[in-house]
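The next block holds one structure in the form of structure tokens; read it before the comments.
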Amino acid sequence: MVNILLTTAVLIASKLVAGASIPDTQTNISKRQDDDNRNICYGDNKKQYPNKFLNIEMFAQRSRINRIGFKTINPNRCYVMPTTGSCLLNGGTPGEGTIMFCTGTNCDGYCRAQPRQVWYTPGDMQKDIGGLANSVYWTI
């Protein structure tokens, strides 16, 4: 009987010691190793999609008020854009692929991606992505 109790105590103690040496995986990591390389697209994709481009008409406020300019983008590349509250994609017509707008300037921060068949006139970036858009990424 004493032998069983002693064995049980040793096993429990060894489990506690083993558990104490495992690092806490729930702690917040302030900077991951891949943070500097995340969501960065390099190179020119015109060779891949020579005839594919998307025209974006950008507005400073929601509901397409206060036009701030135009931008033409190619697929599979992150583009910085002026702080945008709403926009029209190819004049407000549905298209192919998926469009993603982000609050960060490097296709990071708060982002939202939607198929271009349904999201071709983003009218309120504050509501849609939780802030004003500062970058865009289009995939086919």
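What FRET efficiency do you get for Asn106 and Thr139 if R0 is 22 Å and r is their Cβ-Cβ distance, rounded to the nearest 0.05? All intermediate terms of the calculation are to be shown ahead of the outcome.
Values: r = 16 Å, r/R0 = 0.74.
The calculated FRET efficiency here is 0.85.
Residue by residue through segment 110-115, what is 3J(HN,Hα) from phi via Karplus (6.51 cos²θ - 1.76 cosθ + 1.60, θ = phi - 60°)? Round to whole Hz and write x for glycine and proline.
Per residue, the Karplus-derived 3J(HN,Hα) values read 7, 10, 9, 10, 9, x Hz.
Give the Debye-formula value of log10 I(q)/I(0) at each listed q (0.17, 0.19 Å⁻¹), with one equal scatterer per alpha carbon of segment 66-106, two decimals each.
-0.51, -0.65
Run the Debye formula on the Cα coordinates of segment 54-139, all scatterers equal and no solvent, and tell me log10 I(q)/I(0) at q = 0.24 1/Å.
-1.21
What ³J(HN,Hα) values, in whole Hz, does the Karplus curve 6.51 cos²θ - 1.76 cosθ + 1.60 give for segment 80-89 when θ = phi - 60°, with x put for Gly and Pro?
7, 9, x, 4, 10, x, 6, 6, 10, 9
For Glu96, Glu57, what ranking results if the residue with the fewest other Cβ atoms within 10 Å of its Cβ goes first?
Numbers: Glu96 13, Glu57 19.
Listing Glu96, Glu57 from fewest to most nearby Cβ atoms yields Glu96, Glu57.
For Cα pairs less than 8 Å apart in space and 6+ apart in sequence, what is the mean separation divided by the residue count of segment 54-139, i.e. the relative contact order in percent?
After rounding, I find 35 percent.
Every number here is computed from the coordinates shown, using simple stated rules; none is lab data. Since this is a predicted model, take the numbers as computed values, not measurements. Note that we place each Cβ from the backbone using ideal geometry, even for glycine, and neighbour counts take in every protein chain shown.
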